[in-house]
Every structure is written in structure tokens, then in C-alpha cells.
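Each reported figure results from applying straightforward, stated rules to the coordinates on display, with no laboratory input. Keep in mind that this is a model prediction, so the values were computed, not measured. Methodologically, a virtual Cβ is constructed for each residue, glycine included, from the backbone with ideal geometry; neighbour enumeration extends over all protein chains shown.
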Amino acid sequence: MTDCIFCKIIANDIPSFTVYEDEDIKAFLDISQTTPGHTLVIPKKHVANIFEYDQALASKVFAKIPMIASAIKVSNPDIQGMNIVNNNGELAYQSVFHSHFHLIPRYSTKDTFKMSFKDNSKKYTSEQLESIMTSIKNEIGENNVKNI
Ligand code: 5GP
Ligand code: ZN
């Protein structure tokens with residue numbers, strides 16, 4: 001896609017600090033370096049978000065994430081953990097609309113990454129959880145998910 005910044009990085013029209021590349025994916029340092037080693041993994045095929053993947057593309061991209069995550073971890077003995085983040089849609093903090101996975105190494109509780117999940121476990125009844133479960137299950141067919 002011509003006006004996509006990540007497609008331009010794939011084409012080397014915009015330079016990047018690439019740590020891994022093959023025919024399906026590219027992994028390069030995020031310009032913002034939320035923590036040192038913050039890496040983006042992107043498919044070479046332009047898809048905007050997770051909802052545009054099919055299983056073949058998912059297999060190609062997801063299968064390589066553990067290898068890249070492990071390489072980042074062993075590259076620096078100070079890395080204690082890693083958050084893998086994938087934002088989908090503007091509401092979910094996506095700002096570049098070419099799908100990407102953030103691999104964010106964690107160094108300590110005081111490092112420069114923040115993420116928190118609110119615990120609403122006391123707010124939902126079993127009936128409400130049953131209803132939510134049923135709505136999702138109904139969209140999952142024999143081939144795992146309809147339309148994929
Ligand atoms: P999002 O908010 O869409 O999940 O993340 C987009 C990420 O792309 C941001 O973390 C941002 O720093 C990164 N980014 C945006 N433009 C560039 C660029 O030109 N080069 C690199 N390496 N990263 C970029
Ligand atoms: Zn693109």
C-alpha cells in the first residue's frame with residue numbers, strides 16, 4: 001500500500017533497524033523504544049489489523065514471534081520478562097494501520113512500560129458470563145471462526 005509507513009519500511013524506502021526478515025515478516029526496532037529492545041513484528045502482506053488475517057497468514061507471522069522474543073531476551077541479561085502487545089483499531093490505541101506486534105522487554109517494575117488490567121471479576125454474575133460466552137461461541141464454527 002503506497003501511503004503506508006510500514007509498507008515503506010518493508011520496501012526499504014524508509015530505513016529501519018531490522019533484526020530479522022524473511023519472505024513473510026519483518027522485525028525491526030520501534031522508533032519509540034518504550035523500553036530498550038522494543039521491537040515490532042509485521043507481516044509483509046499489508047493487513048490493517050488482526051481481523052484481516054486468515055489462518056495461513058497467522059501461521060506465518062505468529063509462528064515466528066517466540067523465536068524473535070527469545071532472541072531479544074537472550075540479547076540482554078537485564079531483561080526479566082516481555083509484554084507482547086497488539087493494538088487493533090484507533091480505540092485500542094492503534095496508530096499505524098498495518099498490523100504489528102509490539103515485543104516490549106521488561107527490566108523491572110520501575111521501567112518505562114505501563115499497562116494495567118482492571119479486575120472486574122466481582123461485577124459479573126455467572127449468567128452474564130454465560131451470555132457473553134454463548135455470543136462468542138456462536139460465532140465460532142467448525143473451521144474455527146466464520147469467514148476465515
Ligand atoms: P500502534 O500505536 O499502532 O500500536 O504502534 C505504532 C508504533 O509504530 C509506535 O510504537 C511507533 O513508535 C512506531 N512507529 C511509527 N512510525 C515509525 C517509523 O517510522 N519507524 C519505526 N521504527 N517505528 C515507527
Ligand atoms: Zn502497509
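The figures follow:
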{"quantity": "Label-to-label distance, nm, for residues given as Met67 and Asp13 (7 Å Cα→Cβ offset)", "calculated": "2.8 nm"}
{"quantity": "Lys122/Ile84 FRET efficiency (R0 30 Å; Cβ-Cβ; nearest 0.05)", "calculated": "0.60"}
{"quantity": "Loop-located chymotrypsin sites (Phe, Trp or Tyr not before Pro) in the stretch 1-32, at most 11 other Cβ atoms within 10 Å (DSSP)", "calculated": "Phe17"}
{"quantity": "Residue pairs, from the table Lys64/Lys118; Lys26/Lys73; Lys8/Lys64, whose Cα atoms sit over 26 Å apart", "calculated": "Lys64/Lys118"}
{"quantity": "Whole-percent pair-distance distribution, where bins are 5 Å wide, for the alpha carbons of the chain", "calculated": "2, 8, 15, 17, 17, 15, 12, 9, 4, 1, 0"}
{"quantity": "For the stretch 19-31, Karplus couplings with θ = phi - 60° (6.51, -1.76, 1.60), whole Hz, Gly/Pro x", "calculated": "9, 7, 8, 9, 5, 9, 9, 9, 10, 8, 5, 5, 4"}
{"quantity": "Loop sites in the stretch 66-118: trypsin sites (Lys or Arg not before Pro), DSSP, at most 15 other Cβ within 10 Å", "calculated": "Lys110, Lys114, Lys118"}
{"quantity": "Potential lengthening between Met115 and Ile140 on full extension [0.36 nm per residue; Cα-Cα distance subtracted]", "calculated": "6.1 nm"}
{"quantity": "Helix axis angle, 126-137 relative to the chain longest principal axis, alpha carbon, degrees", "calculated": "60 degrees"}
{"quantity": "Cα pair distances of the stretch 85-125 binned at 10 Å [whole percent]", "calculated": "22, 35, 33, 10"}
{"quantity": "Sparsely packed GluC sites (Glu not before Pro) within the stretch 1-91, loop by DSSP, other Cβ within 10 Å at most 16", "calculated": "Glu23"}
{"quantity": "Ordering of 53-66, 122-135, 30-43 by packing [mean C-beta count within 10 Å, highest first]", "calculated": "30-43, 53-66, 122-135"}
{"quantity": "For Lys26, residues with placed amide H under 5 Å, excluding near neighbours", "calculated": "Ile42, Lys44"}
{"quantity": "Summed residue charge, Cβ within 15 Å of Ile14's Cβ, Lys/Arg positive, Asp/Glu negative", "calculated": "-1"}
